[in-house]
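Participant: Here's a structure for you.
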Amino acid sequence: MIPSYLGEDTLSPGEVDFFKRINSDIKTKDWLVLHSLNIAHHQTRIMGEIDFLVIVPQVGILAVEIKAHSFIKVIDGIWYMGRSDTKGSRRSPFEQVNESMFSLINYISENNQNLKSLPIFSLVIFTHFDFKTKSIEWSSKDYVGSREYRSKPISDLLNERIKSRLQMASEKVSGRWLKVQKGCSPNKTDIKQLVQLIRPKIEPSETNLNIGSKIEKELIKYTSEQFLALDTLSGNKRVIFDGSAGTGKTFLAIESAMREAKVGKKVLLICMNKLLNSLLNTKLDNPDIKVVTLHKFLKDNSGSAEFENSNKYWDETLPEKAYCNLLEIEETLDKFDTLIIDEAQDILRNNFWLDCLDLILKEGLSNGRWMAFGDFNLQTIYNIYDVSFDIKDNLLSRTSSSAQASLTRNCRNTEECSRLSLSLAAIASPYQSYLRHTPSIVKSSYLFYKDELGQMKQLSSLIKKGLDSGFKASDIVILSKKAETKSISKNFSKELGISPFELERKGVSYTSIHKFKGLEAPFIILTDFDELASEEAKKMVFTGASRATDSVHYLFNNSTKASFLSLLMEGKGND
């Protein structure tokens, strides 16, 4: 069994029972079973999961989805899993496991041609419900009900199911892709190569990929290693994860939401940034997970259509209205089981906001289940000048028991790219290590300009440099210290052939550093830095530069040269 242990507090009773049964069955001693296999290259979601991948030598492979609900009903294609499930889901257990299975098959085929013929099938096991519902969408061989599950040794049950699926596949034209050779596959060599590929000890193949896709594959691999932080603290109801940019906080927030929803929890994921919110919504397509920006959450719960775009409105007036309205309807509120806060350094600073979140969470912030992910030292750019208190204390003071975890391994930036930004921000490195050891494809650079026209010309040359180096136009993102509407990119957008940033972008795009928080791109260009002496400018440099998965290219006004050289020398002294 890989891993050879499981944390029972984080798994369903069905998964625990299956783990124990297959681990104790003497006939499975030559089998290999991988459990909780995350599928980073999932066809439709940022991360899928196969509960158990059962590899039976010389027979075949089963991707097993475990469902432990004691009550299940299907009405008009809507699946209701458990008596408390009133919303249901159109995504059946069969769709879940088949999507993950085919994502795995595709990944194997792309990365090891020797393994593309392995016979891999899916199976849903209902450990606590005797599922018998018939449909054209699944066959009786696609699932095992609770009675059949308990009627014989698990080794016999799975062996029989693989063989029956092999027989069915060999009789269908659609099964030709298997190229089944009964009694031969998988052999010992197949199994060894398969495990090395999917529990990964080697990096995913980069054949025929563009540069951006190569980097993305590498990022998924290394960010997945950060799951250990979640596993270690899974027994804690309330946790603050503190990590600098590039340590995988948003990725872990997504994974946390998926894990909570998987065990039947209703989840609220709050963030600050609209673009990040849009990205999260595309990654978390689940009826049990609500993703919303803090401001929209407050507006939706204020009971008022009034609007005023001012700091006082967002910081005081709106949250006061939302709080009063939530308090009035608290008894009828459909509260959330779990609260997840991304960009927590920007949200925890305001106690009015926390008051509202307290009302929407079961048992409140004091006793409810929550996780907060933030950079509480270097990225607090919404509250740059107020350093008189520890932002985390606003949340920690509301509960008597919580845990804290430090994320110190950078899994986004290359070390050479990160070191330059740290020097320019005049801060010592917050990272204990860098997980990515490959050098940047393009070395980071800095250029100076005299005036707006000069900056535009330098910007044009950097765009050309990125394209000539093999990056796609959509890999290049220009970030301004100024508001997007006042940036050099906006002023010369027609001349440069660029457009405002969108998630589904096709060309070179631009936005502000503020708006791009929580996102990333391979080739980042930072513009409109007319001074580097202030704390604001230094934080903006670091925040913008930390978005790069390959390299950063800085454009500074000539007036910053003295500050630039001073920071560079000071930074070298911190190395």
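What follows draws every value from the coordinates through simple rules; no lab data is involved. In this text the structure is predicted, and so the values were computed from the model without any measurement. A quick note on method: Cβ atoms are made from the backbone with ideal geometry, for glycine too, and the neighbour counts reach across all protein chains shown.
Participant: Once both axes come from the Cα atoms, what is the angle between helix 274-283 and the longest principal axis of the chain, in degrees from 0 to 90, rounded to 10?
Facilitator: Taking Cα atoms only, the helix is inclined about 10 degrees.
Participant: When a/c is below 1.5 the answer is rounded, else prolate if a/b is larger than b/c, else oblate, so apply that to the stretch 413-485 with a ≥ b ≥ c taken from the square roots of the Cα gyration tensor eigenvalues.
Facilitator: Working: a/c = 2.20, a/b = 1.40, b/c = 1.57.
In terms of gyration-tensor shape, oblate.
Participant: State whether the stretch 475-569 is rounded, prolate or oblate according to the following rule on the C-alpha gyration tensor (a ≥ b ≥ c being the square roots of its eigenvalues): a/c under 1.5 gives rounded; otherwise a/b larger than b/c gives prolate, and the remaining case gives oblate. Spell out each step's value before the answer.
Facilitator: On the way: a/c = 2.01, a/b = 1.54, b/c = 1.30.
The shape class here is prolate.
Participant: As a test of the formula, what do you get for the chain when each DSSP H run with n ≥ 4 contributes -39,500 (n - 2.57) and the sum is divided by the residue count, at 222 nm and rounded to the nearest 500 deg cm²/dmol?
Facilitator: Numbers: 21 runs with 208 residues, N = 575.
Mean residue ellipticity at 222 nm (helix-derived): -10500 deg cm²/dmol.
Participant: Just report the Cα centroid separation between the stretch 400-424 and the stretch 241-265, whole Å.
Facilitator: Going from one Cα centre to the other spans 16 Å.
Participant: By the gyration tensor of its Cα atoms, with a ≥ b ≥ c the square roots of the eigenvalues, what is the shape of the stretch 415-574: rounded for a/c under 1.5, prolate for a/b over b/c, or oblate? Mind dumping the intermediate values first?
Facilitator: Values: a/c = 1.66, a/b = 1.21, b/c = 1.37.
Cα axes put the stretch 415-574 in the oblate bin.
Participant: Here's something else I'd like to know. Where in the chain lies the longest segment free of chymotrypsin sites (Phe, Trp or Tyr not before Pro) that are both loop residues by DSSP (not H, G, I, E, B) and have at most 10 other Cβ atoms within 10 Å?
Facilitator: On the way: sites that count: Tyr5, Phe307, Tyr385, Phe389.
Between exposed loop sites, the widest span is 6-306.
Participant: Right, another one. Rank Ile154, Ser444, Val267 by how far each Cα sits towards the positive end of the charge dipole of the chain (+1 on Lys, Arg Cβ; -1 on Asp, Glu Cβ) and give me just the farthest.
Facilitator: The residue sitting most towards the positive pole is Ile154.
Participant: Moving on to the next point. If you put +1 on each Lys and Arg Cβ and -1 on each Asp and Glu Cβ, how big is the dipole of the chain around its Cα centre, in Debye rounded to 20? Walk me through the intermediate numbers first.
Facilitator: Working: 76 positive and 73 negative charges, 412 e Å.
That gives the chain a dipole magnitude of about 1980 debye.
Participant: Something else now. Mind listing which trypsin sites (Lys or Arg not before Pro) in the stretch 257-359 are in a DSSP loop and have 16 or fewer other Cβ atoms within 10 Å?
Facilitator: Working: sites: Arg259, Lys262, Lys265, Lys266, Lys274, Lys283, Lys290, Lys296, Lys299, Lys312, Lys321, Lys335, Arg349; in loops: Lys265, Lys266, Lys335, Arg349.
Of the trypsin sites (Lys or Arg not before Pro), the ones in loops of the stretch 257-359 whose Cβ has at most 16 other Cβ atoms within 10 Å are Lys265, Lys335.
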